[in-house]
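**Q** Sharing a structure below in structure tokens format, with a few things to ask.
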Amino acid sequence: MPGMHAGPPRHSTLRFSDFAGRLQVNVNMNSIRDDDTLTIGALAAHFGLAPHVLRHWESMQLLTPAKRVNGRRRYNRGHYTRIAMIVRGKAAGMSLDQLREVFAAASPALRRDLLRRQHAELERRQRELEAAKVMVEHALTCEAEDLAQCPAFRRLVEALPVTTSTLAAKDCMQ
């Protein structure tokens, strides 16, 4: 698979791996034992984040406050796992509010319902990205001076569902 390391990674890495915008997070969970703790800076660095991001997530109740040792936050393996879940959720297009709702779900059934909706949204976005990719691939090889005049490109455009665009109106004006 593109972007995969041979063997376990020495530390976590964030990488934009392909056109579809997938974010790969390699987390070497073996590097943190159950009784180990990390400083906020060390934990944030594992994910390529600034420490203030973890503080913000605590304030938003996405992370339980870390225990303090000599006045400094110390995070454990559970925090590490939760941060990986947040990073992946954000990469999947979830807002912090949506993630908090999933984490705070009153039951596994409610959590699954929330995640089913997110899954459906991911499936829709994946179809849109695939359609965009096909259009870009055609444009890369098209000999037409003006793509809008290319019959094959026009067929691709005409085949798009009316609801394909995910752009908000404000994004169309930029």
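Read-outs: derived from the displayed coordinates by stated rules, not from any lab. In this text the structure is predicted, and so the values were computed from the model without any measurement. For neighbour counting, all protein chains shown are included, and Cβ atoms are generated from backbone atoms with ideal geometry for every residue, glycine included.
**Q** May I ask you to derive the FRET efficiency for Lys90 and His138 from their Cβ-Cβ distance with R0 = 25 Å, giving the value to the nearest 0.05?
**A** Between Lys90 and His138 the formula returns 0.20.
**Q** What's the magnitude of the charge dipole for region 40-119 around its Cα centre, counting Lys and Arg as +1 and Asp and Glu as -1 at the beta-carbon? Answer in Debye, nearest 20.
**A** On the way: 15 positive and 4 negative charges, 58 e Å.
Here the size comes out at about 280 debye.
**Q** Still on this structure, I have one more. Please find the FRET efficiency linking Thr64 to Gln126, where r is the Cβ-Cβ separation and R0 is fixed at 25 Å, and quote it to the nearest 0.05. Write out the running numbers ahead of the final one.
**A** Details: r = 33 Å, r/R0 = 1.31.
For R0 = 25 Å, the calculated efficiency reads 0.15.
**Q** Can you order the peptides 110-117, 60-67, 141-148 by their average number of other Cβ atoms within 10 Å per residue, highest first?
**A** Ranked from most to least packed, the peptides come out as 60-67, 110-117, 141-148.
**Q** At 7 Å along the Cα-to-beta-carbon direction for both Asp113 and Arg100, put a label point, then send me their distance in nm to one decimal.
**A** That separation, rounded to one decimal, is 2.1 nm.
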